[in-house]
Amino acid sequence: MRARVTRVLFAGLAVALPASAQDAAPAMAAAGNQPATVRCESNKGRPRTCPADTRGGVRLVRQLSRSPCVEGENWGVREGEIWVKAGCRADFGLAEIGAVTPGPAFFACESKSAGRTHCKVSTREGVELVRQLSKSACIQHSTWGYDRNGVWVSQGCRAEFRAGGEAQVANVEQGPQAVRCESDRGRERRCEVGVWKGAQLTRQLSKTPCVEGHNWGWDQRGVWVSRGCRAEFVVW
């Protein structure tokens, strides 16, 4: 009798071991969720967000749904995630920060607490604002812009951008751009605009002389003025 009970117990363990081993087996990566690729699906038309490193930009790699996936309408990006809705199901490619990828890259860049944020992405083929997310206005050269290292936003601007592809900018190094910058009541002011090579004062508006290096200057982020200097500049 004792031997029979022992055999039954061993048999029970033999059956239980495979189940236990199966529970401990590592989960296999699902198709569409390989490194640098995220599958995000809006099932039954419901909105869904999928965690992703979107700092280098996102592009639609393969549409899985019959419903068209249109960026800005039923899919898009926010900081740290991709969102889909209205039946869009697709695989999305994640670009490395600063990498040059074929086709347009979509990404979000957000200025929090009215501070300045710089989002690294390749801007060689230009950048275009696709959809404003913030109540604060996103105005190019004022609250958003880009340089050779990426896109910057400030003063509460939060938006989705497209880099490359169909971006309506022919080249990163654009032609000369005019900007007016004024120091009211002697206060220092920075006028944010992408500066590639330099800046030149073209017309002084103030009675106070504007002297480069003294009460005006420039860097890659734009032009600054102080001590009552008010003038028009050309940057390139």
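The values are calculated or read from the model by the stated rules, or taken from the named source; none is laboratory data. No experiment lies behind these values; they were computed from the predicted model shown. Ideal geometry is used to build each Cβ from the backbone, glycine not excepted, and the neighbour counts take in all protein chains shown.
Mind telling me which of the residues G103, G76, G98, G93 ends up being modelled with pLDDT under 80, over 15 Å from G150 (Cβ atoms) and in the same structural domain as G164 (by TED's automatic domain parsing)? I'd like the intermediate steps shown before the answer.
Details: G76 fails: modelled with pLDDT under 80; G98 fails: over 15 Å from G150 (Cβ atoms); G93 fails: modelled with pLDDT under 80.
G103 is the lone residue from the list that is modelled with pLDDT under 80, over 15 Å from G150 (Cβ atoms) and in the same structural domain as G164 (by TED's automatic domain parsing).
Can you work out which of the residues in region 50-79 that are within 19 Å of the chain's Cα centre (by Cα) and exposed (fewer than 14 other Cβ atoms within 10 Å of the Cβ) is nearest to F107 (Cα to Cα)?
G72
Working only within region 183-203, note down all residues that are over 21 Å from G115 (Cα atoms) and either surrounded by fewer than 19 Cβ atoms within 10 Å (Cβ to Cβ) or acidic (D, E) (or both).
If the condition is that a residue be over 21 Å from G115 (Cα atoms) and either surrounded by fewer than 19 Cβ atoms within 10 Å (Cβ to Cβ) or acidic (D, E) (or both), then D184, R185, G186, W196, K197, G198, Q200, L201, T202, R203 are the ones that fit.
Give me a count of the residues in region 202-230 that are of a type outside the set (D, E) and under 33 Å from the mean Cα position of the chain (by Cα). Outline the logic, then answer.
The first filter runs over region 202-230 and keeps only residues of a type outside the set (D, E), leaving 202-211, 213-218, 220-230.
From the residues that got through so far, the ones that are under 33 Å from the mean Cα position of the chain (by Cα) too are 216-218, 220-226.
Matching residues across region 202-230 total 10.
Restricting the first residue to region 211-235 and requiring it to be within 11 Å of G198 (Cα to Cα), which pairs with a second residue that is hydroxyl-bearing (S, T, Y) meet a Cβ separation below 6 Å and a spacing of at least six or different chains?
Cβ pairs passing all conditions: V234/T202.
Is it the case that some residue within region 80-89 is at pLDDT 80 or above, in the same structural domain as E128 (by TED's automatic domain parsing) and exposed (fewer than 15 other Cβ atoms within 10 Å of the Cβ)? Walk me through how you get there before you give the answer.
So the first thing to find is which residues in region 80-89 are at pLDDT 80 or above, and the list is 80-89.
Narrowing the set further to residues that are in the same structural domain as E128 (by TED's automatic domain parsing) leaves 80-89.
Those left that are additionally exposed (fewer than 15 other Cβ atoms within 10 Å of the Cβ): 80.
Yes, there is a match, as at least one residue in region 80-89 is at pLDDT 80 or above, in the same structural domain as E128 (by TED's automatic domain parsing) and exposed (fewer than 15 other Cβ atoms within 10 Å of the Cβ).
Kindly indicate whether R227 is modelled with pLDDT of 90 or more and either under 25 Å from R116 (Cα atoms) or assigned by TED's automatic domain parsing to the domain that holds Q155 (or both).
Details: modelled with pLDDT of 90 or more: yes; either under 25 Å from R116 (Cα atoms) or assigned by TED's automatic domain parsing to the domain that holds Q155 (or both): yes.
It is true that R227 is modelled with pLDDT of 90 or more and either under 25 Å from R116 (Cα atoms) or assigned by TED's automatic domain parsing to the domain that holds Q155 (or both).
Being in contact with a Lys or Arg (Cβ under 7 Å, 6 or more places away or on another chain) and assigned to a loop (DSSP other than H, G, I, E, B) is the filter here, so list the residues in region 122-141 that pass it.
T123, L133, S134
Which residue is nearest to W196 (Cα to Cα), if the candidates are limited to region 119-141 and must be at pLDDT 80 or above and over 15 Å from the mean Cα position of the chain (by Cα)?
Q140
Take region 102-116 and flag every residue that is in a strand (DSSP E or B) and buried (at least 17 other Cβ atoms within 10 Å of the Cβ). Reasoning before the result, please.
Just the residues of region 102-116 that are in a strand (DSSP E or B), to begin with: 105-110.
Within region 102-116, A105, F106, F107, A108, C109 qualify.
So W83 clears everything in (1) in a loop (DSSP other than H, G, I, E, B); (2) hydrophobic (A, V, I, L, M, F, W, C); (3) more than 18 Å from V193 (Cβ to Cβ) except one condition, right? Which one?
The one condition W83 does not meet is (1).
Going through region 142-157 one residue at a time, which ones are farther than 14 Å from W196 by Cβ and in a loop (DSSP other than H, G, I, E, B)?
Result: S142, T143, S154, Q155, G156, C157.
Is it true that some residue in region 45-68 is in a helix (DSSP H, G or I), modelled with pLDDT of 85 or more and touching a Gly at 6+ places or on another chain (Cβ under 8 Å)? Let's see the steps before the verdict.
So the first thing to find is which residues in region 45-68 are in a helix (DSSP H, G or I), and the list is 45.
Restricting the remaining residues to those that are modelled with pLDDT of 85 or more gives 45.
From what's left, touching a Gly at 6+ places or on another chain (Cβ under 8 Å): 45.
Yes, that holds for at least one residue.
Can you name the residue in region 183-203 that is touching a Gly at 6+ places or on another chain (Cβ under 9 Å) and under 16 Å from W144 (Cα atoms) and, of all such residues, is modelled with the lowest pLDDT?
For region 183-203, the residue satisfying everything is G194.
Is it the case that S206 is at pLDDT 75 or above, surrounded by 14 or more Cβ atoms within 10 Å (Cβ to Cβ), not in a strand (DSSP E or B) and not assigned by TED's automatic domain parsing to the domain that holds A105? Let's see the steps before the verdict.
Values: at pLDDT 75 or above: yes; surrounded by 14 or more Cβ atoms within 10 Å (Cβ to Cβ): yes; not in a strand (DSSP E or B): yes; not assigned by TED's automatic domain parsing to the domain that holds A105: yes.
Yes: the conditions hold for S206.
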